[in-house]
Amino acid sequence: ADTVVLQADVTANVEQDQELLKRFGVFGPPTIIFFGTDGQLRHGYEVVGFMKAQDFIDHVNHAFGS
């Protein structure tokens, strides 16, 4: 609830893709980054690579104080 999911496909690795990765400090896909309701990046909560479902749920809950 109250969540917006955005997915950027940067596999072509064109200039725009590289700019997007640089802007958010992402090394490469797959990476999940989180933003608060204030639109600010939630630093330290990035997920790079695979994470088991329950671990991901716990991670998201911790990222947003649930």
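A 1.4 Å probe run over the protein chains yields, for segment 1-63, 86 Å² of accessible area per residue, whole-number rounding.
Run the accessible area of the chain with a 1.4 Å probe and give the carbon-and-sulfur part as a rounded percent. For the chain, the apolar C and S fraction of the accessible surface comes to 54 percent. Over the chain, the fraction of Cα-Cα pairs per 5 Å bin, rounded to whole percents and listed from the shortest bin up, is 3, 14, 26, 25, 19, 10, 3, 0.
Each peptide in 59-66, 28-35 receives the mean, over its residues, of other Cβ atoms within 10 Å, and ordering these scores from highest gives 28-35, 59-66. Its DSSP H runs of at least 4 residues, each contributing -39,500 (n - 2.57), put the calculated 222 nm mean residue ellipticity of the chain at -9000 deg cm²/dmol, to the nearest 500.
The values are calculated or read from the model by the stated rules, or taken from the named source; none is laboratory data. If you're wondering where the values come from, they're calculated on a predicted model, not measured in any experiment. We place every Cβ from the backbone using ideal geometry, glycine too, and count neighbours over all the protein chains shown. For the accessible areas, the whole protein counts, side chains as well, though only heavy atoms, and no ligand, DNA or RNA atoms are used. Shrake-Rupley method; radii C 1.70, N 1.55, O 1.52, S 1.80 Å.
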